[in-house]
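The structure under discussion appears below in the form of structure tokens.
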Amino acid sequence: MSRLTRRSLFSAVSAGAAAVLLTACSEPAEETTSTSTEAAADEQVTLTVYTSEPEEKVDEINAAFMEENPDINVEVFRAGTGDLNARIATEKETGEIEADILWAADAPTFEKYVAEDDLAELEGVDTDDVIDEAISEDNYYVGTRIIPTVIAYNTDVMEQDRLPGSWEDLADPQYRGQIVMPDPAVSGAAAFNASAWLDNDDLGEEWLNALGENQPMIAQSNGPTSQEIAGGGHPLGVVVDYLVRDLAAAGSPVEVIYPEDGAPYITEPAAIFADSDQKDAAALYINFLLSEKGQELAVEQNYLPVREDVGTPDGAPELSDTKLMDLDLDAITKGQAEAVEKFQNAVR
């Protein structure tokens, strides 16, 4: 079980990135001609972001970023991690990747793109205040949120003395027919979790098969999973924590259990594509995600942040108190395809 710690890693904000903005941020001349207006329009930078972030949340982040950087326009293609990967693969086959930034679920996805030379090393991205768990060793991507997978339950249906306290408890036969969880063949976070559970000495394949004996409902992704828990059809579930807080804030009878044996977690990394022609502006965007303001927005959106100086959402533990599973990223990455197959066999 790990505790979150802060890492001090010197990185200066790129002077080149600042230069991109210098002309557009200067005072206008007293007389503005049509020619100068057209020139200013030509200086507008457009960033394209491929993301799995929920639409309303990424829109809020982008609005705040563009308010601070009025000469940068952000365009978004939003889809699940699997669909993003498919789009990127198609673009690679027909030419080059058309986005500047990838901002999506899990580190194994990014490790694949690192291995295929699709990402640029991060230059001008300041990670001084970012916790160790969110920083990649090779500096090709950086996490922007801590998103643990937890056990959630419907407070109107589940009795307090029957609640599980750990992943191991979830395999107890008393929960047969009451559990819902996302499909790892669709959800990148769920695939990561399946590999993390199988790599855990205290869980592994025996536990996964016992969980399968409880006949869990398999929802397409985390969103439908959380809705199923809130509706009470399956009052116990495996889901990312922020969705439970979103539903609770909207009045749904749901609460979170952080498992005693540690929660697997993803960090929703951001990276810059090697094909991007706007790397300086892309670095500014990632710096905003990691900044105090960007992380405060993440907390307002019910995420756990990647900095320890911005607090955590109401009802969530402090970062230092969050029980996280010890993760071997290399083993999880290599074992993910096999884990998805074993998961599907276990729950059939």
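The values are calculated or read from the model by the stated rules, or taken from the named source; none is laboratory data. Here the structure is a predicted model, which means the values were calculated and not measured. Cβ: placed from backbone, ideal geometry, glycine included. Neighbour counts: every protein chain shown.
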Provide a single number: the residues in the range 119-140 that are part of a loop (DSSP other than H, G, I, E, B) and not acidic (Asp, Glu). 8
Restricting the search to the range 97-113, which residues are at pLDDT below 95 and either among the basic types (Lys, Arg) or more than 30 Å from Gly311 (Cβ to Cβ) (or both)? Glu111, Lys112
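Yes or no: Gln220 over 22 Å from Ala107 (Cβ atoms) and crowded, with 16+ Cβ neighbours inside 10 Å? Step through it out loud before you land on a result.
Working: over 22 Å from Ala107 (Cβ atoms): yes; crowded, with 16+ Cβ neighbours inside 10 Å: no.
When the stated conditions are applied, Gln220 does not pass them.
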Looking at Leu304, is it assigned by TED's automatic domain parsing to the domain that holds Asp117, among the hydrophobic types (A, V, I, L, M, F, W, C) and crowded, with 20+ Cβ neighbours inside 10 Å? yes
